[in-house]
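Trainee: My questions all concern the structure below.
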Amino acid sequence: MFSRLQRRISDAVSSRSGLPIFSSASDQLDAVGRNPSGMSPLGRRDSELSSSSVPVGPGGPGAGAAGGGAGAGAGRPSLAGEERRGRQGVPPLLSDGSLDYDALYEDEDESDFGPMEAHGSVVTHLLSQVKIGMDLTRVVLPTFILERRSLLEMYSDYFAHPDYFLKIADFKDPKDRMVQVVRWYMSAYHAGRKSSVAKKPYNPILGEVFYCHWNVPGLPHGNDPLVQDGPVPWCDRNQLTFIAEQVSHHPPISAFYAEHYNKKISFCAHVWTKSKFLGLSVGVHNIGQGCVSVIDYDEEYIVTFPNGYGRSILTVPWIELGGPVTISCAKTGFNATIDFHTKPFYGGKKHRISGEVYQPGDKKSFLSISGEWNGSMHAKWADGRSEVFLNVNEIPIIKKNVRPICDQDEMESRRLWKEVTAGLRLNDIDKATNAKTELEQRQRDEAKERKERNQQWETKSFRETGGGDWVYVSPLINRLQRNGTAEHLAAAPSDQR
């Protein structure tokens with residue numbers, strides 16, 4: 001496999017004509033169809049469709065790993081500019097000609113695989129496995145529709161605008177904080193890879209983790225102490241940090257947590273998704289919730305998530321969100337309902353939303369919101385004022401920072417999936433499929449071994465509560481309370497300790 005990859009890299013370097021170097025979408029399909037293993041075109045060689053088949057949350061702007069490559073390429077200087085980023089069909093390379101795995105994730109451009117009818121035999125085989133209303137958890141999809149990142153990384157896109165999240169803690173009035181929670185929440189869904197076709201992220205394997213952080217505009221960093229007991233111990237108190245973990249495989253449950261130490265705000269969520277075949281589309285019901293904790297005000301805002309739909313699966317797939325979500329704060333009594341409207345079969349617009357925000361005990365809202373979740377949203381206040389509530393096309397996406405793959409642990413997402421990502425980026429579907437199969441087989445083997453030993457899987461950073469929720473094991477509020485007690489004891493006279 002490695003020698004074939006090296007040949008492809010060598011061919012790419014020798015050709016600077018800009019013409020296609022690697023296989024086309026139809027060639028990719030042929031590669032799957034040839035199926036040297038003797039399996040069916042959509043057998044174990046292809047990726048499973050689990051709950052992540054339609055993203056529950058934001059699609060994300062893509063990732064920003066800082067610096068060098070992985071493995072043998074680690075520590076070597078990278079090519080600058082166009083060569084490092086790669087052109088269509090030309091992989092990003094390090095100065096010694098080896099593949100720059102980190103740049104594969106930085107590259108946000110996704111080569112489209114074209115209309116699904118171009119892959120007729122694969123689609124026909126897929127449809128032969130399903131019936132309307134069928135649970136799709138165990139149904140397999142072709143590798144060529146994969147997006148080049150894990151579902152765990154996709155969840156970090158809830159913080160594509162980290163300044164909107166942190167601003168919640170800046171407001172003194174609970175009404176203003178509620179409105180800002182809604183504004184941040186509605187900013188979270190538009191950020192996606194620049195592809196005209198809906199794709200599915202990798203299904204995380206059990207125990208997989210993803211870490212990242214953001215340098216927030218307007219907040220200096222580098223001078224504050226490191227938060228060594230936080231989720232990302234190499235970050236300081238003025239950076240927003242994020243961790244995600246796949247805590248269950250059956251059912252597939254992802255848990256994620258973010259915090260900012262200085263602002264004393266955090267977010268913890270878990271998502272379990274159930275997918276169904278709806279005829280010409282795929283529907284995903286998102287089970288779970290998130291909790292925004294504003295520690296200085298002892299407030300928790302509970303949020304739910306919209307359902308997802310993969311439409312036009314026989315032509316050019318696209319994603320839409322649908323269904324009601326709620327945002328509520330038990331302490332203050334402020335609450336909101338937001339409806340993600342699905343497009344009518346005939347006419348109508350895509351991606352519409354409408355929402356109402358209520359004061360405690362009121363049945364009439366003080367704020368109404370309408371528009372498109374991937375565009376402009378307008379606010380109408382109870383006093384008659386109207387204004388732009390949020391236009392996601394006019395606010396910059398803040399790039400997240402991910403440590404280089406060469407520094408990552410074995411179970412971190414980008415390191416786990418780097419060979420799959422390389423295969424997709426190089427248009428080598430055989431390579432991507434083989435790498436994916438190895439990961440899936442490893443997961444099956446480990447599950448079998450645990451069963452034989454009568455062992456239960458132990459999560460690393462999250463624990464399940466009695467109510468079925470998943471929470472971060474060491475949230476910021478608990479650590480602040482412990483640290484506050486320790487500081488108080490240290491300052492007290494010895495006879496009072």
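Trainee: Kindly list, by first and then second residue, each pair from a residue in the range 182-208 that is under 19 Å from residue 166 (Cβ atoms) to a residue that is modelled with pLDDT of 90 or more and among the acidic types (Asp, Glu), limited to pairs with Cβ atoms under 6 Å and residues at least 6 apart or on different chains.
Mentor: Every condition considered, the pairs that remain are 191/157.
Trainee: Ok, one more. Somewhere in the range 151-167, is a residue surrounded by fewer than 23 Cβ atoms within 10 Å (Cβ to Cβ), at pLDDT below 95 and not basic (Lys, Arg)?
Mentor: Checked against the condition, which is being surrounded by fewer than 23 Cβ atoms within 10 Å (Cβ to Cβ), at pLDDT below 95 and not basic (Lys, Arg), the range 151-167 yields no hits at all.
Trainee: Could you list, in sequence order, the residues of the range 348-386 that are under 31 Å from the mean Cα position of the chain (by Cα), on the phi > 0 side of the Ramachandran plot and part of a loop (DSSP other than H, G, I, E, B)?
Mentor: 348, 351, listed by residue number.
Trainee: Moving to a separate point now. Is one or more of the residues making up the range 300-308 without any contact (Cβ under 8 Å) to a residue 24 or more places away in the chain and surrounded by fewer than 16 Cβ atoms within 10 Å (Cβ to Cβ)?
Mentor: The answer is no, given that none of the residues of the range 300-308 is without any contact (Cβ under 8 Å) to a residue 24 or more places away in the chain and surrounded by fewer than 16 Cβ atoms within 10 Å (Cβ to Cβ).
Trainee: Which ones in the range 313-331 are in contact with a helix residue (DSSP H, G or I) (Cβ under 8 Å, 6 or more places away or on another chain) and hydroxyl-bearing (Ser, Thr, Tyr)?
Mentor: Passing the criteria: only 315.
Residue-wise test of (1) surrounded by 15 or more Cβ atoms within 10 Å (Cβ to Cβ); (2) within 30 Å of residue 324 (Cα to Cα); (3) at pLDDT below 95; (4) among the acidic types (Asp, Glu).
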{"residue": "389", "(1), (2), (3), (4)": "yes, yes, no, no"}
{"residue": "400", "(1), (2), (3), (4)": "yes, yes, no, no"}
{"residue": "408", "(1), (2), (3), (4)": "yes, no, no, no"}
{"residue": "411", "(1), (2), (3), (4)": "yes, no, no, no"}
{"residue": "416", "(1), (2), (3), (4)": "yes, no, no, no"}
{"residue": "420", "(1), (2), (3), (4)": "yes, no, yes, no"}
{"residue": "425", "(1), (2), (3), (4)": "yes, no, yes, no"}
{"residue": "431", "(1), (2), (3), (4)": "yes, no, yes, no"}
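Trainee: Given the conditions (1) in contact with a helix residue (DSSP H, G or I) (Cβ under 8 Å, 6 or more places away or on another chain); (2) loosely packed, with under 15 Cβ neighbours inside 10 Å, report the number of the one that residue 338 does not fulfil.
Mentor: Failed condition: (2).
Trainee: While we're on this one: List pairs: first residue in the range 340-360 and farther than 19 Å from residue 379 by Cα and without any contact (Cβ under 8 Å) to a residue 60 or more places away in the chain, second residue assigned to a strand (DSSP E or B) and of a type in the set (Ser, Thr, Tyr) anywhere in the structure, Cβ distance under 7 angstrom, at least six positions apart or on different chains.
Mentor: 342/309
Trainee: Output the number of residues of the range 231-270 satisfying the condition of being surrounded by fewer than 22 Cβ atoms within 10 Å (Cβ to Cβ) and closer than 17 Å to residue 460 by Cα.
Mentor: The total comes to 4.
Trainee: So for the range 473-481 (the condition being under 25 Å from the mean Cα position of the chain (by Cα), modelled with pLDDT of 90 or more and assigned to a helix (DSSP H, G or I)), does at least one residue qualify?
Mentor: yes
Trainee: In the set 345, 340, which member is outside any loop (DSSP other than H, G, I, E, B) and under 30 Å from the mean Cα position of the chain (by Cα)?
Mentor: Exactly one residue qualifies, and that residue is 340.
Trainee: Given the range 388-455, what helices (runs of 4 or more DSSP H) lie entirely inside it while holding 1 or more residues that are aliphatic (A, V, I, L, M), touching a residue at least 24 places away in the same chain (Cβ under 8 Å) and over 20 Å from residue 104 (Cα atoms)?
Mentor: 429-452
The values are calculated or read from the model by the stated rules, or taken from the named source; none is laboratory data. Remember, predicted model here, so these are calculated numbers, not experimental data. Neighbour counts are summed over all protein chains in view; Cβ atoms, including those assigned to glycine, are modelled from backbone coordinates with ideal geometry.
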